[in-house]
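The values are calculated or read from the model by the stated rules, or taken from the named source; none is laboratory data. All values reported here derive from a predicted model rather than from experimental measurement. Methodologically, a virtual Cβ is constructed for each residue, glycine included, from the backbone with ideal geometry; neighbour enumeration extends over all protein chains shown. For the accessible areas, the whole protein counts, side chains as well, though only heavy atoms, and no ligand, DNA or RNA atoms are used. Shrake-Rupley method; radii C 1.70, N 1.55, O 1.52, S 1.80 Å.
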Amino acid sequence: MAVQSQTPNPDHNHDNDHEHEHPHAEISQSERPGYYDIMETAIRELLVERKLIGADEIRRQIEVLDSRTPALGAKVVARAWRDAEFRARLLANGRAACEELGISFYDDTQLIVLENTEKVHNLIVCTLCSCYPRPVLGLPPDWYKLKPYRARAVSEPRAVLAEFGTIIPDDVEIRVSDSTAVVRYLVLPKRPDGAEDYSEEQLAGLVTRDAMIGVIPVSIEAGGPPL
Amino acid sequence: MSQSQNLLTRLPNDIGGLPAEPIARVDHALEPWEKRCHALADVLDFHKIINTEEKRRGVEALGAEMVAKLSYYERWIAAFANILFQKGLLAPTDLARKMDEVAARWPTDPAGQ
């Protein structure tokens, strides 16, 4: 059996095509699953029958995935802003510092934290696929996985940032870090002016997913993620 | 560089630096099967059955047409099937039979079979 699509599927994220919104019909139990949905169930059940994976492992891993959101990364950033020693440990070994805060690295990746300064603005990408600091940010947004961002972030980062409304002065260096299967990056954004008196929780509330990817700054006005 | 040389030096995933369209800030909540597929990828990695890099190469091995036409998680599950066949952990006929069995749990004819 060759694995190939035999039924049109409405949810195509064409990497080499236009991106588009994906309206999804309500999923109900009675609705027939699609071809690939059936394939996923079949593979999972065969692997469980053959004891290659445990019956409960998928459910448990879904719980892990659901527990990972940008709120974890925001907590790390806010702590780094308020605690210089933690910040130094975070920049020296991102994974170990996150683990101090109880964030486990279930996917066995290393984490390099990149600090934005007056002189340097960092941006993260995965040109080959969709590698992302999932233990601290959850799953990446679709645009991070699609061709325009992956292709252009490394060659014209200023133009890409401008599309997110972010204008970086010419005298600030832009560094783009390309993630791999085993090394992931997280941007430590600049602490915004005007937040000197904020508590750690208040600071964390300002830090968005996109700021930790590096496509927007953190600002007091624009807390709260797009999408 | 000629067009054919470009084909030689760039596999389908290797798109860093290529010209591309403006970024559309799209996202969607994962469908239940997509989330299960993601969890399956992690579990396969935990058991050292398929790691992240094997998965990526498995997607690339689907070829440019499938990479272009399948959605993100469709590519993943198709790649998992092929890698499991290659490793001798599943046989194509086993998967075909199991897919028929799964499809038969719904009242009408299985899609695409």
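Results, tabulated for the structure shown:
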| item | result |
| --- | --- |
| P(r) histogram, all alpha-carbon pairs of the stretch A:47-89 included - 5 Å bins from 0, percent | 5, 19, 13, 12, 11, 10, 10, 8, 7, 4, 0 |
| The stretch A:70-213: radius of gyration and largest Cα-Cα distance (Dmax), Å | 14.6, 42 |
| Protein accessible surface hidden between B and A, which excludes ligands and nucleic acids, total in Å², probe 1.4 Å | 7000 Å² |
| Accessible area expressed per residue, the protein assembly as shown, with surrounding protein chains retained (probe 1.4 Å, Å²) | 46 Å² |
| Highest-first arrangement of B:25-37, A:57-69, A:166-178, where packing means the average Cβ count within 10 Å | B:25-37, A:57-69, A:166-178 |
| Size of charge dipole - chain B - debye, nearest 20, with Cβ of Lys, Arg +1 and Asp, Glu -1, no other charges | 180 debye |
| Alpha-carbon gyration tensor eigenvalues x 5, square-rooted, for chain B, Å | 29, 19, 16 |
| Coordinate range along principal axes, alpha carbons of the protein assembly as shown, Å, largest first | 63, 50, 36 |
| Degrees between helix B:72-86 axis and first principal axis of chain B (Cα, 0 to 90, nearest 10) | 70 degrees |
| Options B:Asn82, B:Ile49, B:Thr93, ranked by Cα towards positive dipole end of the stretch B:31-103, top entry (Cβ charges) | B:Ile49 |
| The stretch A:54-116 - charge dipole about Cα centre, Lys and Arg +1 at Cβ, Asp and Glu -1, debye rounded to 20 | 260 debye |
| Debye, to nearest 20: dipole size of the protein assembly as shown, +1 on Lys, Arg Cβ, -1 on Asp, Glu Cβ | 840 debye |
| Sulfur and carbon atoms: percent of accessible area, the protein assembly as shown [1.4 Å] | 52 percent |
